[in-house]
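The values are calculated or read from the model by the stated rules, or taken from the named source; none is laboratory data. For clarity, every value in this text was computed on a predicted model and none was experimentally measured. As a convention, Cβ positions derive from the backbone with ideal geometry for all residues, glycine included, and neighbour counts pool all protein chains shown. What goes into the accessible areas is simple: the full protein's heavy atoms, side chains included, and nothing from ligands, DNA or RNA. Shrake-Rupley method; radii C 1.70, N 1.55, O 1.52, S 1.80 Å.
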Amino acid sequence: MSESPAALRRRAAELRRLIRHHEELYYRRAAPEISDRDFDRLVEELQRIEAEHPELVTPDSPTLRVGGEPLAGFAQVAHEPPMLSLDNGYSLDDVRDWAGRLERLLPEVRPAFVAELKIDGVSISLRYEDGVLAQGATRGNGRVGDDVTANLRTIRALPLRLLGKPPARLLVRGEVYLPRSAFARLNREREEAGEALFVNPRNATAGAIRMLDSRAVAARRLSVLTYAIADGWNGGGQKAMLEQLAAWGFPVHEGWRYCPDLPAVEACIAEWRDSRRDLDFDTDGVVIKVDDLALRERYGATARSPRWAMAFKYAPEQGETIVRDILVQVGRSGVLTPVAVLEPVFVGGTTVQRATLHNYEDLARKDVRVGDTVRVERGGDVIPKVVEVVLERRPPGAAPFELPATCPRCGAPVERLVGQVAWRCVNPACPAVVAESIRHFVGRNAMDIEGLGDERIEQLLAEGLIRDYTDLYQLDRDRLATLKGWGGKSADNLLASLAGSRHRDLHQLLFALGIRHVGERTARLLARHFGSLEALAAASEEELTAVEEIGPIVAASIRTFFADPRQQARLAALAAAGVRPPAVPVAPRPERLPLAGKTVVLTGRLAHFSREEARDLLERLGARVAASVSKRTDLVIAGEDAGSKLDRARELGIPIAGEDELTRLSP
Ligand code: IVH
C-alpha cells in the first residue's frame, strides 16, 4: 500500500526535524538519545522517500550529507573580507609584547579579550542565505579559495539550516577538523590495507576536504567548529558573536573565555596547557582576540594579519627516557608494526610507556636501538612518538634493531610486498592474524555479530573452540554456556546473533571477508556489479577493472583472494554453515548497456511504473539515477505534473523524454 503524497511530505518533514534534533544532541551537546543505528535508520527512511519523490528534497535536507556525484574540479570563490592569518607567539613574554604594542597604538584604552582554543584543522568560510547553507570554501590563498560546498555538507556537525532569525546573508568562518578518534580509526584502516599513514589529523582533513567525490568525504567523519562572523553581524564584541553563533545552531567550542585583562588571558593559557590533551581535536595553542569590534577597526591589520589578534602556541612537550625493548605487533593483514617499550616517563600530562615507530622504515631511519635514550613527544597526536635518539647517551654495544625474519607470534617467515612499506607475516593461520580477522568479521559494518568483544574472541581461541571465523557457526550452545563469564543467556544471544548474520547483505559479507584493499565502499560496488559471491569469485582481472573505481591493484588482490585454496575452503565452510546473502539484482556488462554511463533524473508521476521500478529499470540499463538536475544530467524522464526539475532541464537544454521512453527500453 502506498501512502498519500501529503502523508509522505509530512513524514519527510518530520524525519528532517528528528534528524536535525539528534544531530544537534550528538554533535553539539555530545548527549545522544538514540543509538547510531537508529539514527542511520531515520536517515535511510528519508533517503528512501526522497529517492522516490525527488520533488520532496529540500536544499537543507540531511540526506545531502551522504554526498553527491564526483566533481571534475572546484570552482573558485573570492573571499570578501579576505581570510587573514595570525601572528604567532611562543611564550607569555610574546603575549605581553603583543599587548604592549596594542597599548602603544592606543594608549587611552584597556581592551578586554576573548581567548579561544586554536583548532588545528583547515579553515573554511561559510555563506548562508536566508538561513540555509549556500556555499562553503577553503581558505586557499586567503583571497580566493575552492568551492567545497558538497564536501562540507557531509559534515554532520555543520547546520544546513540555522535556528532563529539569522540575517539574509551571513558569512561565518571556522575550522574543519578530523576528531582524534576518527583519525585513529582511519589510520588503522589504512594500515590494514598497507596504505601510507597520515601523519596527523590536519593532513588527513586537508586531503579529505579537497576530494572530488563527496561520498568519500562523508566516510571520513570530519567535524567543524566556528569562531567568527565575517559579514552580517553588528551586534557586539567577540563574546556576543560566539554566543550568537551558538544560538543559530553553529558548533562553537565551549572552551572560550572572556578575559577582562591580560592576567585573565594568561590564566586561560595555563588552564588549557594540560587539559587540551583531553579534547577530541588537536590544538596547538590559544587565539587571543580583542573583544570590541570597533576597537579592532582602530587597531587595524597588516596585509597578512590583524593587529587585534594573535595565536599563542604551546611548545610540544618532550621527555627523555630509555628504550627497554622493541616489540613487533601483528595486525589483521599480518602487517608488522614496531613499538618501543619505554621506561615510564611523564610527558604532556600522562605517563608514556610505549611509543609507536609507525613502520620498519621509520625505525631504521631513526636508528632506535634497545638501551638508547630517546626523546619522545606527545604533540597533537594521541599516540606518543619517538622523535630522535640522543646519540651521546647510546650505551656501548647497543645493536641496531633488526626486523625479525620470522613472525613474533607464530614463527612463519615475514615478507615485504612490492611497492609497500609494510612487512607482513605470511602465515594466514597466525594467531595474531586470526584474532584480528575474527574481530573484523564480527564488526558492525561487517557481519554485525553482537556479543563478541575482544576478550571473548581471545577466550574462544584459547579454549580451542574456534580457529577461524568460519568456526563461529559451529559453536555449541551448551559448551559456550559453561565457559567462564558466560552462562545460558550469553550463549543464546550469541547464537541468535550468529543466526541472524547468515543473511547479511552481500556487501557486508564481502567486507567481512577481509580481502585486502576491499573496504566498505568497494564491497558495495562489487556487490552491486556482480550480484553474488560466485560471480565475483569467477570474475577475471579484466572484468574486475571494468567496474567503476576498481583499479589493477584492487583487482589483483581480489583475484589472489579467490585463487587461494585456503580462502576457498573458508568460503565453502561459510556456505555449508548456511551463510548466504540475498541475491542482488545485477546489470550485465555495463559497457554494452543502452544507458551505460548516462545520468538520468526521474521527475513527476509515472503511470505504469512505481518510482522504485523505474529507478531499478534505469539502473539495470546502466544508468545512474540522480536526484537533481545539473549540467551533467544526460536525460530527464518526466511523468505527469513534473515541476521544477523539468523547468531546470529546459533551462539547461537537457534532453527530456516521457514515460513511453521507459516502456520502450523495458525488456
Ligand atoms: S581567528 C583574522 N580563531 O588559525 C584571523 N582562527 O593562524 C581569523 N584557527 O586561519 C582567525 N582556531 O584557520 C581564529 N579560534 C580560532 C581559531 C583560528 C583555529 C586557525 C584559522 C586561521 C589560523 C590562523
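Summary table below
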quantity: Spatially proximal aspartates and glutamates relative to Lys239 (Cα-Cα < 19 Å; intrachain offsets below 8 disregarded); calculated: Glu116, Glu175, Asp231, Glu254, Asp261, Glu266, Glu271, Asp291, Asp292, Glu297
quantity: Fraction of alpha-carbon pairs over 25 Å apart in region 457-570 - percent; calculated: 36 percent
quantity: Dimensionless Rg/Rh of region 1-109 - Kirkwood Rh, Rg from C-alpha atoms; calculated: 1.28
quantity: For Val335, residues with placed amide H under 5 Å, excluding near neighbours; calculated: Cys425
quantity: 10 Å Cβ shell holding at most 11 others, DSSP loop, trypsin sites (Lys or Arg not before Pro): longest site-free stretch of the chain; calculated: 30-303
quantity: Estimated [θ] at 222 nm from DSSP helical runs (n ≥ 4, -39500 (n - 2.57)) normalised by residues in the chain, nearest 500; calculated: -10500 deg cm²/dmol
quantity: Residue pairs, from the table Lys165/Lys313; Lys118/Lys385; Lys289/Lys366, whose Cα atoms sit over 32 Å apart; calculated: Lys165/Lys313; Lys289/Lys366
quantity: Surface share of carbon and sulfur [accessible, 1.4 angstrom probe, percent] for the chain; calculated: 51 percent
quantity: Per residue accessible area of the chain, 1.4 Å probe, in Å²; calculated: 48 Å²
quantity: Rg ratio (alpha-carbon, reference 2.2 N^0.38 Å) - region 508-667; calculated: 1.26
quantity: At 1.002 mPa s and 20 °C, Stokes D of region 415-482 from Kirkwood alpha-carbon radius, µm² per second; calculated: 161 µm²/s
quantity: Whole-percent pair-distance distribution, where bins are 5 Å wide, for the alpha carbons of region 230-274; calculated: 5, 18, 25, 19, 17, 12, 3, 0
quantity: Cα convex hull of the chain, projected area averaged across orientations, nm²; calculated: 34.8 nm²
quantity: Between region 167-199 and region 201-259, the Cα center-to-center distance that results, in Å; calculated: 14 Å
quantity: Where only C-alpha atoms are counted, convex hull volume of region 525-599 per residue in Å³; calculated: 87 Å³
quantity: Cα centroid separation - region 110-162 against region 39-68, whole Å; calculated: 23 Å
quantity: Convex hull of Cα atoms in region 357-482, direction-averaged projection (nm²); calculated: 11.4 nm²
quantity: Alpha-carbon centroids, region 382-411 and region 69-90: separation in whole Å; calculated: 42 Å
quantity: Debye log10 I(q)/I(0) for region 231-312, one point scatterer per Cα, at q = 0.11, 0.22, 0.26 Å⁻¹; calculated: -0.35, -1.26, -1.37
quantity: Calculated over region 579-653: convex hull of Cα atoms, volume per residue (Å³); calculated: 110 Å³
